[in-house]
Amino acid sequence: MRTRFLSVILIVAAVAAVAAPAAEAVEERPILTAAAARKMIDACIAMAEAEGWLMHIAVTDNHGNLKAYHRMDDAQFLSQDVALGKARSSAVSPRSTLQWGEMAFAGGAPSAAAFVPGIIYFEGGLPIMTAGGYHVGGIGVSGDTGANDAICAQAGIDAAAADLQ
């Protein structure tokens, strides 16, 4: 009886080994690291302090999940949601918020892009791309003019360039 039981176990194990699906290849892709996100925040803070701007800075991965966030002392509270919205808008599609605005209101009338839920059209949101062109996230800065917000966001991306290989 014992021998028969062991034989059945060995047969089941052999069949399971043969029938097991081949291991699928694991996709490797670059991601936005916490270290890179922190470098972006630090560079934005440095630029904003040098210029006298009071900013909210948000960095998200390419799914719109928050990776890093900073509110500078005395930055207007309203800018918090705007910065987060800018980062998410540029995280879910590799476009700047300025580009989204240009698409949404080209020719003065709203186009289909104006009705995409959750997209912010104020300048200051930029997609985060690797050197190889892979979209890994978005950065949103708010608190000054749209142009200055975008300059600050670009300084953040530039500071993390080595991490975005």
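Some points to look at:
- For the chain, the mean residue ellipticity at 222 nm estimated from helices alone is -14000 deg cm²/dmol, where every DSSP H run of n ≥ 4 contributes -39500 (n - 2.57) and the total is divided by all residues, rounded to the nearest 500.
- Region 66-102 and region 128-165 have Cα centres spaced 11 Å apart.
- Exposure proxy ranking for Val136, Val26, based on other Cβ atoms within 10 angstrom of each Cβ and starting from the fewest, stands as Val26, Val136.
- Whole-number Å³ per residue for the convex hull built on Cα positions in the chain: 193 Å³
- Amide H contacts of Phe105 (H built 1.01 Å from N, in plane; Pro and chain starts excluded): Ser111 sit under 5 Å, all sequence-distant by 5 or more or on other chains.
- Local electrostatic count, Cys152, Cβ distance below 15 Å [Lys/Arg +1, Asp/Glu -1]: -4
- The mean sequence distance of close C-alpha pairs (under 8 Å, at least 6 residues apart), as a share of the length of the chain, puts its relative contact order at 25 percent.
Bear in mind that the values in this text are calculations on the coordinates, not laboratory data. Everything numeric in this text was worked out from a predicted model, so none of it was measured. Reconstructed Cβ throughout: ideal geometry from the backbone, glycine too, with neighbour counts over all protein chains shown.
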